[in-house]
Amino acid sequence: MRQHDDGSHDGSVDLLISGCEVSLWLGEQFHSDLHRVFPKLKIVTLSANKLLGELGQSFPIPQVNFPFHAGSYDLRQTPCLLISHSGGTFATLACSNLLKSFTQHIFCVTSEWDTQVAASIRKGLGGAKKHVHVASYVFTTHVGLRPAEPCTVSVVATHQVLTQLLL
């Protein structure tokens, strides 16, 4: 925020939001709300599958008719928010590992503290994060573990957590 105010911002992404299916939709809604409050922030919301296809392969797979490619955004030290209520969605879980090569600032919203994506993010805590309590990188809905990304109470719970983060 200071860099935006004093004009020294380098154009890098201020926040990357990613997920799949309904979690991606919730991320897009959060992006919209966050942008309304902080219009100067450069927020990018991308499908976890697109991130994997472009950044997670030794031979990138460009997405036809989408402006995202390996050189689109500078993701170095970008805070990332991964949304997966089940915590086991393949692409989002894979992104939790992939993004560690770009940044140490990876957060997630998931159903419980011990889901796979939460464990992946806690496992990546090292060096600079040791002074921060690990629970601060994992936001939970406490709605319970789900084997998929259902459009039920989990959507409302995830939206509630994102709203609390915004506030």
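Every number in this text was worked out from the coordinates using simple rules, so none of it is lab data. Given the structure is predicted, the values throughout are model-derived calculations rather than measurements. FYI the Cβ positions are ideal-geometry reconstructions off the backbone, even for glycines, and counts take in every protein chain you see.
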Quick calc of log₁₀ I(q)/I(0), region 6-60, Debye, one scatterer on every Cα, no solvent, q values 0.25 1/Å, result -0.96
Under a crude label model (7 Å from the Cα following the beta-carbon direction), how far is residue 36 from residue 160 in nanometres? 2.0
What is the calculated FRET efficiency for residue 113 to residue 28, with r their C-beta to C-beta distance and R₀ = 25 Å, to the nearest 0.05? 0.50
Can you list the residues, at least 5 places off or on another chain, whose amide H is less than 5 Å from the amide H of residue 81, using H built in the peptide plane? 16, 17, 18, 107
